[in-house]
Every structure is written in C-alpha cells, then in structure tokens.
Amino acid sequence: AAKQRQSGSMVYDAALDKGSQQSLSLLSELRRAIENQELCLYLQPKIDIRTHEAVSAEALVRWLHPVRGLVPPMQFIPFAEQTGFISELTRWVIAEAARAIRQAADAGIALRLSVNLSTRDLLGPDLPSRMAGLLAEQRVQPSSLCLEITESAIMDDPQRALATLEQLSSMGFKLSIDDFGTGYSSLAYLKRLPVDELKIDKSFVLAMEHDLDDAKIVRSTIELAHNLGLTVVAEGVETSKAWQLLAALGCDEGQGYFISRPMPQGEFRDWLDRWALPELG
Ligand code: C2E
Ligand code: CA
Ligand code: CA
Ligand code: CA
C-alpha cells in the first residue's frame, strides 16, 4: 500500500493486470468516486490569438482522492477505458459540463466548453441521444459543447465513427480532432469528417521553438486546417515566443501554461474577470 501511494502509475499498471485484486478495488473506488463527488472538472481557457478574447475552455477531469490526493487523468482514464467504466465517467463529465455552462449562462456568460471523448464513447450506439438528454436537463444547446476526439479513436472503426460524428454534428455539437498529427488519420478521411476544429498536438507546439521540422509541421497543419475551412487550435503554448510564432503563422486559438494552467471552476470565474494577455517578452 505504501508503494501504491508513492506512484500512481504503479497503481494503474497493477490494476491493468486483469482480474487482479487491485483491478477490482480500483474499479469500485472509481464508482465510489462519482458517488462521493471526488471527481471534478478543471477548466483551461482557449484564447483567440487575434482578438485575445477568452473564447472557451477545455474541461479536464481530476480525481480528488481522499488518500492519494489530486490524481491526474492519465492515471485512471486508460483504466476506465479498458474496463468499460469510461461510459459512466463520460456521462458524468457531460452532465457536469452542462451544469457549468448553465451556471455561467445564469450569470450572463455565454460559456462554451470542450470535453474529451474516448474510443468507446464514440462506438457506443446511444452516445448522441444520451448526450442530448443530459444537455436538455440543464437547458443547454449542443452548440455550447465541443467534443474532442483523437484521430486514433476515429480510425479504430472509421465507418462507425463517421456515422456517429455525422449524427452529433447534425444535432449541433461542435467537433474537434484532438492530438492532430500523432495518429494515423488519412487526409481522405479528414475531408469527409464533419469536424469544425483541429487541435495541433502539444508535442509539436512544445518543440517548434527549437526544432525547424516541428515548426514546419505546425505551419502546414495550420494551412491544411484553413484550406479545409477548419478552426485550428494549438495546445501546449507554454511561452511568449510560442504564442508569437503561432500568431505569425495565423493560428486561430491557443491554449497552454503561457495563458493559464487548468483550474477549478470557481477560480476560472475570477480568472475570466481579470484576464489579460501576459507581457510578450
Ligand atoms: P488532452 O486532451 O490532450 O489534454 C491536454 C493535456 O495537456 C492536459 O493534461 C493539460 O493539462 C495539458 N496541458 C495544457 N497546457 C499545457 C502546456 O502548456 N504544457 C504542457 N506540457 N501540458 C499542457 P491532463 O489534464 O493531465 O489530461 C491528460 C489527458 O487525459 C488529456 O489529454 C485527455 O486525453 C485525458 N482526459 C482528461 N480529461 C478527460 C475526460 O474528461 N475524459 C476523457 N475521456 N479523457 C480525459
Ligand atoms: Ca483534449
Ligand atoms: Ca490534446
Ligand atoms: Ca493527449
């Protein structure tokens, strides 16, 4: 148990050993986490690079574990995906995001949120109607929600993914391809997908200041997105230099530590009130 506490990834690795005692207990802990309200959504702003407007935010799940403290998503999302618990978790995320959008609307703020979906979510048959129901409960329009989906989730079963995405898009949800450039989606598919946004993976954005190849990949992705009529977002914007480079390349939106780390919803409100672009050094 002492070891488990030291390293979250050890908990997760051990738990992945299917049928093990840990796997069962992690699963029941996760179930309890939802019941006991140990999960919460942190929000990270997305900024319009031209107007400096805070246009929306990405919702990122955190687990405030009573013993282990703040557990990052990479220590339980893959496990939730493997065990099928992810559908329950995603339902919680959507409901919570809808609640946050409703709260903001009641305070006069038109908040748009992005949430992350997993492969399983996309392949399950009832995702669109389930999500519509969760939003309707809070009187939130689907257009207030952007669904971030990775290339690999789409390429897992492209036919089915395409059908689901078309349904979601026709219902008014915004769709975004997350981690763009790291998967294997073909350009032929990209052209057919009803997406609104490409998110350049942070590995390229983090490296572009020092690596000319990465800078070229970022530049071509921005061009590709614009040629296809899509909004392009850079994630992992950590420095003033990266921000300025992206501005020069015509990138639409930026997200990253240069602007803000993901923060609890209460803090996000105050942040919005005080937000101004940091000094460009
Ligand atoms: P992602 O969707 O690619 O999310 C971006 C990750 O990059 C987040 O990590 C965010 O905190 C981090 N990040 C943001 N700005 C910067 C930056 O400037 N520099 C660097 N180095 N990192 C930055 P986080 O919150 O730990 O989430 C990790 C991954 O967990 C996410 O990657 C996503 O795949 C998954 N995830 C998070 N929340 C959810 C969720 O509610 N549902 C699902 N299915 N997956 C989620
Ligand atoms: Ca994402
Ligand atoms: Ca990403
Ligand atoms: Ca990622």
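The values are calculated or read from the model by the stated rules, or taken from the named source; none is laboratory data. Please read all numbers here as calculations on a predicted model, not as lab measurements. Neighbour counts are summed over all protein chains in view; Cβ atoms, including those assigned to glycine, are modelled from backbone coordinates with ideal geometry. Side chains are part of the model used for accessible areas, which takes the heavy atoms of the whole protein and leaves out ligands, DNA and RNA. Shrake-Rupley method; radii C 1.70, N 1.55, O 1.52, S 1.80 Å.
May I ask you to verify whether G254 is buried (at least 19 other Cβ atoms within 10 Å of the Cβ) and under 20 Å from K199 (Cβ atoms)? Considered against the rule, which asks whether it is buried (at least 19 other Cβ atoms within 10 Å of the Cβ) and under 20 Å from K199 (Cβ atoms), G254 comes out as yes. In summary, R261 fulfils each of the numbered conditions (1) open to solvent by 20 Å² or more (accessible area, probe 1.4 Å); (2) within 22 Å of V55 (Cβ to Cβ); (3) in contact with a helix residue (DSSP H, G or I) (Cβ under 9 Å, 6 or more places away or on another chain) with the single exception of condition (3).
Within the bounds of region 232-248, is there any residue that is of a type in the set (V, I, T), at pLDDT 95 or above and in contact with a Pro (Cβ under 8 Å, 6 or more places away or on another chain)? Taking every residue of region 232-248 in turn, none turns out to be of a type in the set (V, I, T), at pLDDT 95 or above and in contact with a Pro (Cβ under 8 Å, 6 or more places away or on another chain). Applying the condition of being open to solvent by 20 Å² or more (accessible area, probe 1.4 Å) and in contact with an Asp or Glu (Cβ under 9 Å, 6 or more places away or on another chain) to region 111-128 and asking which residue is farthest from ligand 3 (Cβ to nearest atom) yields L123. Consider V218 carefully, then state whether it is assigned to a strand (DSSP E or B) and either closer than 26 Å to K191 by Cβ or free of Cβ contacts under 8 Å to residues at least 40 places away in the same chain (or both). Here the answer is no, as V218 does not meet what is asked. Scanning region 34-69 for residues that are within 16 Å of ligand 2 (Cβ to nearest atom) and part of a loop (DSSP other than H, G, I, E, B) yields no hits at all.
A quick yes/no check of all residues on (1) more than 30 Å from E223 (Cβ to Cβ); (2) touching an Asp or Glu at 6+ places or on another chain (Cβ under 9 Å); (3) within 16 Å of ligand 3 (Cβ to nearest atom):
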| site | (1), (2), (3) |
| --- | --- |
| Q75 | yes, no, no |
| Q82 | yes, no, no |
| W92 | yes, no, no |
| A104 | yes, no, no |
| S169 | no, yes, no |
| K174 | no, yes, yes |
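Tallying residues that are open to solvent by 70 Å² or more (accessible area, probe 1.4 Å), farther than 12 Å from L249 by Cα and either in contact with a helix residue (DSSP H, G or I) (Cβ under 8 Å, 6 or more places away or on another chain) or among the aliphatic types (A, V, I, L, M) (or both) within region 214-227 yields 0. Considered as a group, the residues in region 165-202 that are over 18 Å from the mean Cα position of the chain (by Cα), hydroxyl-bearing (S, T, Y) and more than 28 Å from W243 (Cβ to Cβ) include one that is nearest to ligand 1 (Cβ to nearest atom), and that residue is Y184.
Restricting to region 70-110, and then to whatever is in contact with a Phe, Trp or Tyr (Cβ under 9 Å, 6 or more places away or on another chain) and outside any helix (DSSP H, G or I), can you tell me which residue is most open to solvent (accessible area, probe 1.4 Å)? Across region 70-110, the extreme among qualifying residues is L70.
Taken as a whole, the structure leaves T231 outside the set of residues that are away from ligand 4 (no atom under 16 Å from the Cβ), polar (S, T, N, Q) and out of contact with any strand residue (DSSP E or B) (no Cβ under 7 Å at 6 or more places or on another chain).
Checked against (1) at negative phi; (2) among the small types (G, A, S); (3) at pLDDT below 95, G84 passes all but condition (1).
Within this structure, R50 passes the test of being open to solvent by 80 Å² or more (accessible area, probe 1.4 Å), at pLDDT 95 or above, over 22 Å from the mean Cα position of the chain (by Cα) and of a type outside the set (A, V, I, L, M, F, W, C). For region 196-203, the condition holds for no residue, the condition being that it is in contact with a strand residue (DSSP E or B) (Cβ under 8 Å, 6 or more places away or on another chain) and away from ligand 3 (no atom under 16 Å from the Cβ). Of all the criteria given as (1) away from ligand 2 (no atom under 16 Å from the Cβ); (2) in contact with a Pro (Cβ under 7 Å, 6 or more places away or on another chain), the one not satisfied by A163 is (2).
Can you name the residue in region 203-237 that is within 16 Å of ligand 2 (Cβ to nearest atom) and under 20 Å from L280 (Cα atoms) and, of all such residues, is nearest to the chain's Cα centre (by Cα)? The residue in question is E235. Restricting attention to region 102-148, the residues that are at pLDDT below 95 and within 12 Å of ligand 1 (Cβ to nearest atom) add up to 5.
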